[in-house]
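The values are calculated or read from the model by the stated rules, or taken from the named source; none is laboratory data. Here the structure is a predicted model, which means the values were calculated and not measured. Note that each Cβ is placed from the backbone with ideal geometry, even for glycine, and that neighbours are counted across all protein chains shown. Heads up: the accessible areas ignore ligands, DNA and RNA and are worked out on the full protein's heavy atoms, side chains in. Shrake-Rupley method; radii C 1.70, N 1.55, O 1.52, S 1.80 Å.
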Amino acid sequence: ELERHYEGFMEDNEFVYKVVDTAYGFENQMFYLALEYLNLNFMFPYALAQNLNYDIYVGIDVHDRYAGFSFLYKNAGKIYLKYKDVPLKDKHSRAEKLSAEQILEIVEPTLREHIKEFCPNPNGMVLLRDGNSHGGEEKAVLQIIDHFSAENLLNKDTFKWAVVDLHKNSAVPLRASLSATPERKYELPTIGTIKRLGRNFEEAFMFNT
């Protein structure tokens with residue numbers, strides 16, 4: 001199966017293999033397989049040149065019976081992913097709603113471990129909620145701040161925090177795609193694609209998935 005995606009030839013007195021032009025789909029597959037391998041081992045071949053405004057970013061998403069948590073520190077040189085089973089909701093409950101207790105079960109011990117190693121005395125935290133937050137997020141953040149302040153892991157008086165909803169629908173009419181091949185006119189943008197915005201292009205939107 002692999003052999004049909006490669007061709008061999010001599011180059012500088014050395015026999016080398018190259019992905020054939022017709023193996024576009026396979027090349028794509030290998031790229032994402034390599035990324036997944038790195039993700040599973042918490043190794044990332046990239047980081048930001050400078051630290052973000054705040055030292056801690058926690059992302060939360062809920063899908064079906066799972067809640068996913070991502071932890072990103074300082075310049076994104078350290079990223080960790082965790083998940084938790086959540087019970088299916090009945091028809092009277094919001095499918096994506098998480099209680100403060102469910103959030104604390106994953107977020108608090110993870111941050112307690114990581115703060116000591118990655119960002120002692122952090123300046124702030126942003127909790128990013130895919131979709132809509134429902135109150136449990138804010139309650140959980142405030143409890144974490146109280147607990148960590150008592151443990152001298154952060155300075156409550158100067159520590160900044162926020163809960164930010166990442167809405168699934170937006171009024172911003174911005175769509176991006178890459179021109180792939182004659183057979184596939186539009187393709188998803190690659191990770192890291194940037195679109196500059198604003199009158200003087202002083203802002204930019206980066207596609208991170």
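Regarding region 47-69, can at least one residue be identified that is in contact with a helix residue (DSSP H, G or I) (Cβ under 8 Å, 6 or more places away or on another chain), assigned to a strand (DSSP E or B), modelled with pLDDT under 90 and at negative phi?
The answer is no; no qualifying residue exists.
Kindly indicate whether K185 is open to solvent by 50 Å² or more (accessible area, probe 1.4 Å), more than 29 Å from A47 (Cβ to Cβ), modelled with pLDDT under 85 and among the charged types (D, E, K, R). Write out each step before concluding.
Working: open to solvent by 50 Å² or more (accessible area, probe 1.4 Å): yes; more than 29 Å from A47 (Cβ to Cβ): yes; modelled with pLDDT under 85: yes; among the charged types (D, E, K, R): yes.
It is true that K185 is open to solvent by 50 Å² or more (accessible area, probe 1.4 Å), more than 29 Å from A47 (Cβ to Cβ), modelled with pLDDT under 85 and among the charged types (D, E, K, R).
Please name all residue pairs, on different chains or six or more residues apart, with Cβ atoms under 9 Å, provided the first residue is in region 35-46 and is within 18 Å of N75 (Cβ to Cβ) and the second residue is in a loop (DSSP other than H, G, I, E, B) and β-branched (V, I, T).
Y46/I191
Go through (1) under 28 Å from L48 (Cβ atoms); (2) touching a strand residue (DSSP E or B) at 6+ places or on another chain (Cβ under 8 Å); (3) open to solvent by less than 40 Å² (accessible area, probe 1.4 Å); (4) part of a helix (DSSP H, G or I) and name the single condition Q102 misses.
Tallying (1) under 28 Å from L48 (Cβ atoms); (2) touching a strand residue (DSSP E or B) at 6+ places or on another chain (Cβ under 8 Å); (3) open to solvent by less than 40 Å² (accessible area, probe 1.4 Å); (4) part of a helix (DSSP H, G or I), Q102 fails exactly one: (1).
Out of all the residues in region 48-60, which are in contact with an Asp or Glu (Cβ under 7 Å, 6 or more places away or on another chain) and open to solvent by 60 Å² or more (accessible area, probe 1.4 Å)?
Matches in region 48-60: none.
A150 versus (1) surrounded by fewer than 15 Cβ atoms within 10 Å (Cβ to Cβ); (2) small (G, A, S); (3) modelled with pLDDT under 95: which is the lone unmet condition?
Every condition holds for A150 apart from (3).
How about region 116-209: which strands (runs of 3 or more DSSP E) wholly inside it have at least 3 residues that are out of contact with any Cys (no Cβ under 9 Å at 6 or more places or on another chain), without any contact (Cβ under 8 Å) to a residue 24 or more places away in the chain and not polar (S, T, N, Q)? Step through it out loud before you land on a result.
Details: elements: 124-130, 160-166, 194-197, 203-206.
Those strands (runs of 3 or more DSSP E) span 194-197, 203-206.
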